[in-house]
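Asker: The structure follows.
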């Protein structure tokens, strides 16, 4: 079990780094876009430094940031309603949390599969983004990898929660 905890910790760190870098890039693009528009307005249109594609960049960076953050913080994402669960045994609560985490694993796998299929289709057709003409295949592939990270961490924490433990294992706790 310690191997799972360590692997999950390092995968969470990876997700945090990816999310942080994507969020910093997103903010940089937004600030640069606002500043160039401000310069355009202050110079009455004589100095035009604005660039096309900032909305496109922001949308894809937001996708990367959100997917990586979901994967990095999956074990902290459960809202527990104490009114319904305060009298339940701890083992049952833990297994119920594991069941939800397994649901995140399934969700991550479905999203990863769908994005990977889209990446294959986009690469085959030579599909590019509208403004910047960036190939869509690698964008979808990176999204699929982040969804696979979500699925892997969901499965790890479902196992750590004891969802797959037998009744004998739960009795020995």
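Just so you know, all these numbers are worked out from the coordinates, no wet-lab data involved. Computed from a prediction, not measured in an experiment: that's the story for all the values here. Backbone-built Cβ (ideal geometry, glycine too); neighbour counts: all protein chains shown.
Asker: When you count, for each residue, the other Cβ atoms within 10 Å and take the mean per peptide, how do 123-129, 104-110 rank with the highest first?
Answerer: On the way: 123-129: 12.4, 104-110: 17.9.
Answer by packing, highest mean first, reads 104-110, 123-129.
Asker: Can I ask one more? Normalise the Debye intensity by I(0) for the range 3-92, one equal point scatterer per Cα, no solvent, then take log10 at q = 0.25 Å⁻¹ and round to two decimals.
Answerer: Ignoring solvent entirely, the Cα scatterers give -1.11.
Asker: Using 1/(1 + (r/R0)^6) with R0 = 41 angstrom and r between the beta carbons of residue 129 and residue 106, what's the FRET efficiency to the nearest 0.05?
Answerer: Working: r = 30 Å, r/R0 = 0.73.
Plugging the Cβ-Cβ distance into 1/(1 + (r/R0)^6) gives 0.85.
Asker: Arranged by the count of other C-beta atoms within 10 angstrom, fewest first, what order do 85, 65, 46 take?
Answerer: On the way: 85 13, 65 21, 46 8.
Ranked by crowding around the Cβ, least crowded first: 46, 85, 65.
Asker: For the chain, take the longest principal axis of its alpha carbons; what is the angle in degrees between that and the long axis of helix 136-160, to the nearest 10 within 0 to 90?
Answerer: 20 degrees
Asker: Using 7 Å Cα-to-Cβ label points, what is the residue 13/residue 44 separation (nm, one decimal)?
Answerer: 5.7 nm
Asker: Moving to a separate point now. So how long is each side of the range 35-165 along the principal axes, counting just the alpha-carbon atoms, biggest first, in Å?
Answerer: 70, 40, 18
Asker: So what's the back-of-envelope 222 nm ellipticity for the chain, counting only DSSP H runs of four-plus at -39500 (n - 2.57) apiece and dividing by all residues, rounded to 500?
Answerer: Details: 6 runs with 130 residues, N = 173.
One gets -26000 deg cm²/dmol as the mean residue ellipticity at 222 nm.
Asker: Sort 89-99, 54-64 by packing, meaning the average of other beta carbons within 10 Å per residue, with the highest value first. Write down the numbers at each step before the final one.
Answerer: On the way: 89-99: 14.7, 54-64: 16.7.
Answer by packing, highest mean first, reads 54-64, 89-99.
Asker: Okay, next question. Rounded to the nearest 0.05, what FRET efficiency do residue 27 and residue 3 have when you use their Cβ-Cβ distance and R0 = 35 Å?
Answerer: 0.45
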